[in-house]
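Computed from the coordinates by the stated procedures, all read-outs in this text should not be read as laboratory data. What you see is a predicted model; the values in this text were computed from it and never measured. For neighbour counting, all protein chains shown are included, and Cβ atoms are generated from backbone atoms with ideal geometry for every residue, glycine included.
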Amino acid sequence: MAAFGGALVGGLVEVLTDRSPGSAPAAQTPVATPTTSQVTTAARATVPPATATVTASATSPVATATPTASSPPTSVEGGFAEHGALVAALTALPRGKNVAFGVGVLDAATGRRFVFDVGAPFEMASTVKVDILVATFLRAADAGRGLTAGEKSLASVMIRNSDNAAASTLFRAAGRAPGMAKAYQRMGMTATKASSAWGLTTTTPGDRLVVLDALARGGGALTAEAGAEILALMRSVTTSQRWGVGGVARAGETVAVKNGWLPRSNQGGRWVISTSGLLTGPSTDLRLAVCSRGHASQAAGIDFVEKVLTLARGELKV
């Protein structure tokens, strides 16, 4: 585990925010896939179980039913011709019996989008720090100013080093959970639900694509200039935290990433592992996100999310 250096330290501190009751969620098993791989951008194939609410895209509400192994909420959407093949590959991907995951891919160059989501919502752990910084920029803009020197300093260590104390300070300044909820509404992230313990905020892969695209181009209430400042920090995260999206970058591609990792006390110490970010280059303009939980260890979770992203890039040819 020493190989992950500071990443582990941040994750262990985040345990202190874990104040939620409850037992570990049951394992999620992907169910039937679409019968055709020719899906338009607007098309969505879903397999709704009888007893669960189906999650879908960034504009859909979060499922209100409790996921179970026999009736997992499932969403599949895509605009890639290769979408069906990726669904099949993800369904067949070996994983631990307690692991649930979702993945989102947006090819900004073409507008094609793919979301595969089984078991949402997912705890965000440190990926929420990007959202906290978005809320910080929105608050500053509402006051007609840029970020103060103090806010910039906190933002830097929060994103680049995943500093939890800085995140807590900016979270409080943003209005805690109610303030974050307003920021999510303004950004159009209707499936992301703020928590008073910021690391336990829940989200979906589809909502991660919403905020990632806003960082790159402006969107919701966020300006492109503010997004560029956030991306600059995400491009300079410490080396030990450049896994996930960073782990599947190819030669010549630039990585902007923020990862999350958190062992859950109410899930037998199993790990939440998430990654989201951008890959850009001469022929690449991708927004990528994987949300997952239930991993036996941090290392196993990191390996798993990188396998998911490797499959996605390979099958979708992006």
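Using every alpha carbon pair in region 219-318, what percent of pairs falls into each 10 Å bin from 0 up to the bin containing the largest distance? Calculated over all Cα pairs of region 219-318, the distribution is 15, 43, 30, 11, 0 percent. What the phi angles of region 75-82 give under the Karplus curve with 6.51, -1.76 and 1.60, with θ = phi - 60°, is a coupling list of 9, 9, 9, x, x, 8, 4, 8 Hz, glycine and proline written as x.
Can you give the alpha-carbon Rg of region 71-158 over 2.2 N^0.38 Å, where N counts its residues?
Details: Rg = 18.4 Å, N = 88, 2.2 N^0.38 = 12.1 Å.
Ratio of Cα Rg to 2.2 N^0.38 Å: 1.53.
Note on region 256-307 and region 171-212: Cα centroid distance 18 Å, given to the nearest whole angstrom. Here the 3J(HN,Hα) profile of region 279-288, calculated from phi with Karplus coefficients 6.51, -1.76 and 1.60 at θ = phi - 60°, is 10, 10, x, x, 10, 9, 8, 10, 10, 10 Hz, Gly and Pro shown as x.
I want the local charge near residue 278. Using Cβ-Cβ distances under 15 Å, sum +1 for each Lys or Arg and -1 for each Asp or Glu among the other residues.
Values: positive: 113, 208, 217, 235, 242, 250, 258, 287, 313; negative: 107, 213, 229, 253, 285.
Every neighbour counted, the sum reads +4.
In order along region 176-187, the Karplus-derived 3J(HN,Hα) couplings, from 6.51 cos²θ - 1.76 cosθ + 1.60 at θ = phi - 60°, round to 6, 4, x, x, 5, 4, 5, 5, 5, 4, 5, 7 Hz, and Gly and Pro are given as x. The radius of gyration of the Cα set in region 191-261, together with its Dmax, comes out at 13.2, 40 angstrom.
A cut-off under 15 angstrom between Cβ atoms defines the neighbours of residue 121, and their net charge, with Lys, Arg +1 and Asp, Glu -1, is 0. Binning the C-alpha pair distances of region 130-224 at 10 Å intervals from 0 yields a P(r) profile of 17, 52, 31, 1 %, listed from the shortest bin outward. For the cross-link pairs 129/317; 129/182; 258/307; 129/193; 129/152; 193/307, the ones whose C-alpha atoms lie over 21 Å apart are 129/317; 193/307.
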